[in-house]
Amino acid sequence: MLDSPEIDKLAGIQFYCTKFSGIGGSIKNSNKDFKVSELVDKRFLDGLSSIQDGVSRYPIYILEKNNIDSNHALIEIERQLGLRLKIMGIKDAKAYSVQYVSSEQTKKLPKVAKTQNTTITLLGFSKVPLRKSLLCGNKFVITVQEPRFSDISSFIPEIKNIANFYGLQRFGRERLVTHLVGKEIVKRNFGKSIELLLSYTTKYDSAVSKEIRNKLRDPINYPHIYKQLPKWMDIEFMVLSALVKGKESVTALRSIPISIRRLFIQAYQAYLFNNCLSNAIANGEDLSVPKRGDLCFEIEDNDSFGKIRKFNPTTDAASKTVPAVRLAGYTFQPGKGRFEMITTNILKDECVSPRDFHINEMEELSAQGGFRQAPLLCRDFRYLNSLVLSFKLSAGSYATVLLREIIKPLDPIRAGF
């Protein structure tokens, strides 16, 4: 097993999963080098109406965005257009992305509208709003700049061995703070969570960020600094605005939009999940096929996931099932499966119990848990020797997790991760 770079380890990704030597190079030199488009259930799209009526009342838009993440794109659209939208999946800022969004508004609906970083186009009207179960996956077209070589045919057989890690962008990339904030919220250390949100840095963080956050370590500086924060520190501005008005920690946290607040808890769940898979790899476990005692997803004909059940080697075809890992949350049950036992031990080491994820003080952030597949499921992988890659991944999987195995970057941040 080849060890991961230090920054990956901070996100719980301890190892590489393939023996491929790596081509080097970088990604995201330009947002147009990293294109992602959502794949939605065709039956839903076919059922859209061209007119809005009492049955088909929910407007469905195509959202094209560039140089902004999905959550901030929605904030920008609401501020500039007065239109409140909901998304199925979060897309990174360092990408050109096309995704589906819906609204519950019925009046003053633009057919086409633009903001600084987005364009929305009305697609039609649905009987129901968008829900995550309609998202089948994502298609990626990615250019790797300046690889050492471009023939990656020997890599393709190893794709099935790649673990379905959460990528660095789930944790805040250079700062890797999101999961740390989430952990302190779960442990009811609300003041500590704010302290980390405002002042935590890593050696990968930018010089500007380090300088500002060093000043934010002392609350006496809050009134002098918060109005001078750069625009990209909008979350910090919201929290500081509440704190300088004398608000308590929970109230200050609630000044952050709910979609972003939930990311803190979800990032901590992701960190625990990554550590679970890393432990399994260290134990020599094969993540690609279920074993007796494992929970598994059924793989349906359209490559989406069906029912979850216990794997039975006598009746279940391994090719039609994939190991399912139970995420930490207040419904987490230890069980006897290999992944549940690993997660149970990790939670003990973290001094966190499943019931801690039910947060009475901020009920809206309580996290049940859920399930996620252990291996990365990649379809239609193709490459051109230039080197342009195209492939499809299941909903919630990260293209950067596949790309890190191809590039094997010595410095993931410099390489665009």
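Of the residues making up the range 166-191, those that are in a helix (DSSP H, G or I), more than 15 Å from the chain's Cα centre (by Cα), of a type outside the set (Phe, Trp, Tyr) and buried (at least 19 other Cβ atoms within 10 Å of the Cβ) are 180, 181, 183, 184, 185, 186. For the range 318-355, the set of residues classified as under 22 Å from the mean Cα position of the chain (by Cα) and part of a strand (DSSP E or B) consists of 322, 323, 324, 325, 326, listed by residue number. For the range 92-105, the criterion of being in contact with a Ser or Thr (Cβ under 6 Å, 6 or more places away or on another chain) and polar (S, T, N, Q) is met by no residue. Within the range 107-121, the set of residues being assigned to a loop (DSSP other than H, G, I, E, B) and either touching a residue at least 40 places away in the same chain (Cβ under 8 Å) or touching a helix residue (DSSP H, G or I) at 6+ places or on another chain (Cβ under 8 Å) (or both) comprises 109, 110, 115, 116, 117. For residue 35, state whether it is in a strand (DSSP E or B) and either β-branched (Val, Ile, Thr) or surrounded by fewer than 18 Cβ atoms within 10 Å (Cβ to Cβ) (or both). So residue 35 fits the description; yes.
Counting only residues that are closer than 26 Å to residue 76 by Cβ and free of Cβ contacts under 8 Å to residues at least 12 places away in the same chain, the range 202-236 holds 4 of them. Determine, yes or no, whether residue 121 is of a type in the set (S, T, N, Q) and at pLDDT 95 or above. Answer is yes for this residue. Just to verify a result, which residue in the range 210-262, among those that are more than 29 Å from residue 360 (Cβ to Cβ), of a type outside the set (A, V, I, L, M, F, W, C) and crowded, with 19+ Cβ neighbours inside 10 Å, is modelled with the highest pLDDT? The residue in question is 213.
Determine, yes or no, whether residue 65 is on the phi > 0 side of the Ramachandran plot and either in a loop (DSSP other than H, G, I, E, B) or not β-branched (Val, Ile, Thr) (or both). So residue 65 fails the test. Only residues that are assigned to a loop (DSSP other than H, G, I, E, B), among the aliphatic types (A, V, I, L, M) and farther than 20 Å from residue 34 by Cα were counted across the range 122-144, and they come to 2. Among the residues of the range 269-315, just one is at positive phi and in contact with a Phe, Trp or Tyr (Cβ under 9 Å, 6 or more places away or on another chain), namely 293.
The values are calculated or read from the model by the stated rules, or taken from the named source; none is laboratory data. Small disclaimer: the values here were computed from a predicted structure and weren't measured. Positions of Cβ are generated from backbone atoms using ideal geometry, with glycine treated the same way; all protein chains shown enter the neighbour counts.
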